[in-house]
Amino acid sequence: MLSVLQIADLHRSPRDPVTNNELIATLLQEHDQAVHAGMKPVRAITVCGDVIQGCRLGAPNYSDDLAEQYEVALNILAQLATHLLDGDRSRLIVVPGNHDICWNTARSSMTEASEAEQQDALNLLQAPGSPFRWDWSSRRLYRISDPTVYGRRLDAYKAFFARLYEGFLPSNVNGGAWLFPVDGVLFVGFDSCWGTDCFNHAASMGSDTIAQVATTLRGQRSRLRVAVWHHNIEGPPASADYLDQSCVRRLIYHGFRLGLHGHQHYAATAPVYIHSGRDQMMAVVSSASLCAGRRELLPGRSRGFNFLEIDEEQRLARVRSLAMDMEARVQPEYGFNGGSAVREVSWTLAPTDSTAESDMRTAVLHAERAKNEGRPGEAKSILSAHFASLGAYGRALLLETLLSEEAFEELVRMFGEGASPEEAPQVIGALLNARRLGEASALLDRYEGILVPDAVKFYRQRLSIEQVGATYGR
């Protein structure tokens, strides 16, 4: 059993200030009460991003302001490590959030795009790894013209990170993940801000980082793999500042079974599945914001934090969520979305990491890296050779590769007869692109009761258009 304190979003509100002393006193008191009630003392602390508030675009002396904010954050985290972890900061798992990005540094790396590029903004923005950004306030397109400066937008956070861990720096993978082994449980902190800046608020971990972490961990034994990141994994239609669940599914595929995050400013739990030869499930737990003010909180939400009691053998965690008022006093009536303040979450057994069982996973990892490094033909060859044995993730990766190559005939040959409900929309689209209208219609009929009604309507309309075009020889 491992007890963990989960906090997130330490950014301070100028309108609703709270001091480090107030926060420390509350966290320690609630910890002591939980221990008195039977919880084991905390052995790890996760800080799920947004360590500071940051500075607005155009703020004067922003470098000095950021340094002062990080000094306050360093103080509270050092105190928590001293009081709860016997000073062992290697048990303090910290990741960056969107507030930790220096918007002014990011903006200084950009120049306004040419008029020709402005006219082609949509295509330029949608290109993979696009260096272009759209500013809604000016409705103008910008280009990252100095990648070196752009790469420094987290420099203030990195300086804080180095000071926090003093002589001990966690093992780093690909510049975007850090390894923290704690009592047989492996915590991996992920940077979910790849490509995030003053204009682009969407979150990403970088699929290659996840792949490299998986390769690095091969052969390393741990009772449980826990992923820690900042962004929530779903959001409203008008929002873009959340993490695509494909990242989470990659983590599940590679053996992670518990995920901890912040960003959404309220506590919640959710299971995330992938379906292969057997279902695999990760439990995802978010924490409320520790320091956000009234204007940053959703109606009815409060500041807060979580205690987790992780039972690796039983594959479950007991999550106790606590809320605070603006004076850092805990509110006893708090609960998850109006329910109980205590929830149990569980996960499925992770695949055994052994050489005998790892050939397929190694092949998928190699294919994933080849695809991410711009070698889709190599990725296709690797995955096609193992097609009969691929799980859900490998099949999804092959589908993505075939679609990116517009290899519609090959896609239909491999997936046409045995497509799963999740794969069916892409296969139908490929059949339409290959002008195999009868097969597209048959597959659409087969899955009509399973697919989302809007998707069915879309493909029916497209099928009708293609059939009319075929009639008139187009």
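Residues are listed down the side, and each one gets a yes or a no for (1) over 29 Å from residue 268 (Cβ atoms); (2) within 24 Å of the chain's Cα centre (by Cα); (3) aliphatic (A, V, I, L, M); (4) not in a loop (DSSP other than H, G, I, E, B):
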site: 38; (1), (2), (3), (4): no, no, no, no
site: 44; (1), (2), (3), (4): no, yes, yes, yes
site: 47; (1), (2), (3), (4): no, yes, yes, yes
site: 50; (1), (2), (3), (4): no, yes, no, no
site: 53; (1), (2), (3), (4): no, yes, no, no
site: 58; (1), (2), (3), (4): yes, no, no, no
site: 63; (1), (2), (3), (4): yes, no, no, yes
site: 71; (1), (2), (3), (4): yes, no, no, yes
site: 81; (1), (2), (3), (4): no, no, yes, yes
>> Condition first: over 20 Å from residue 247 (Cα atoms) and surrounded by fewer than 21 Cβ atoms within 10 Å (Cβ to Cβ). Now tell me which residues in region 390-413 satisfy that.
In response: 405, 406, 407, 408, 409, 410, 413
> Quick check, is residue 160 closer than 30 Å to residue 350 by Cα and in the same structural domain as residue 223 (by TED's automatic domain parsing)?
Replying inline: no
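Give the residues of region 409-445 that are aliphatic (A, V, I, L, M), closer than 18 Å to residue 383 by Cα and assigned to a helix (DSSP H, G or I), sorted by residue number.
411, 412, 414, 427, listed by residue number.
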>> Looking for something under 24 Å from residue 65 (Cβ atoms) and of a type in the set (Gly, Ala, Ser) - is there at least one such residue anywhere in region 135-151?
In response: yes
> Restricting the search to region 285-311, which residues are among the aromatic types (Phe, Trp, Tyr) and more than 24 Å from residue 15 (Cα to Cα)?
Replying inline: 307
> Across region 173-227, what is the total count of residues that are within 12 Å of residue 254 (Cβ to Cβ) and either among the small types (Gly, Ala, Ser) or without any contact (Cβ under 8 Å) to a residue 12 or more places away in the chain (or both)?
Replying inline: 5
> If you go through region 30-49 one residue at a time, how many are without any contact (Cβ under 8 Å) to a residue 60 or more places away in the chain and surrounded by fewer than 20 Cβ atoms within 10 Å (Cβ to Cβ)?
Replying inline: 7
>> I'm trying to understand the selection: among the residues of region 159-174, which are surrounded by 14 or more Cβ atoms within 10 Å (Cβ to Cβ), in contact with a helix residue (DSSP H, G or I) (Cβ under 8 Å, 6 or more places away or on another chain) and more than 19 Å from residue 211 (Cα to Cα)?
In response: 160, 164, 165
> Cβ-Cβ below 9 Å, separation at least six or inter-chain, first residue in region 1-26 and under 15 Å from residue 68 (Cα atoms), second acidic (Asp, Glu) and part of a loop (DSSP other than H, G, I, E, B): which pairs?
Replying inline: 10/50; 11/50
>> What pairs come out if I take residues in region 366-381 that are free of Cβ contacts under 8 Å to residues at least 12 places away in the same chain and pair them with residues that are part of a helix (DSSP H, G or I) and surrounded by fewer than 19 Cβ atoms within 10 Å (Cβ to Cβ) whose C-beta lies under 9 Å away, six or more apart or interchain?
In response: 375/369; 378/366
> Quick one: in region 184-240, which of the residues that are under 17 Å from residue 350 (Cβ atoms) and of a type in the set (D, E, K, R) is surrounded by the fewest Cβ atoms within 10 Å (Cβ to Cβ)?
Replying inline: 221
>> I need the strands (runs of 3 or more DSSP E) fully contained in region 221-340, keeping only those with at least 1 residues that are modelled with pLDDT of 95 or more and either outside the structural domain of residue 177 (by TED's automatic domain parsing) or not polar (S, T, N, Q) (or both).
In response: 224-228, 258-261, 279-286, 303-311, 316-324
> residue 422 is checked against (1) within 19 Å of residue 215 (Cα to Cα); (2) in contact (Cβ under 8 Å) with a residue 40 or more places away in the chain and fails just one. What number does that condition carry?
Replying inline: (1)
> Consider residue 27 against the criteria (1) surrounded by fewer than 14 Cβ atoms within 10 Å (Cβ to Cβ); (2) closer than 26 Å to residue 189 by Cα: it satisfies all of them except one. Which criterion is unmet?
Replying inline: (1)
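The values are calculated or read from the model by the stated rules, or taken from the named source; none is laboratory data. Please read these numbers as outputs of a predicted model, since none were measured by experiment. Quick reminder, even Gly has a Cβ in these numbers, built from the backbone with ideal geometry, and neighbours come from all protein chains shown.
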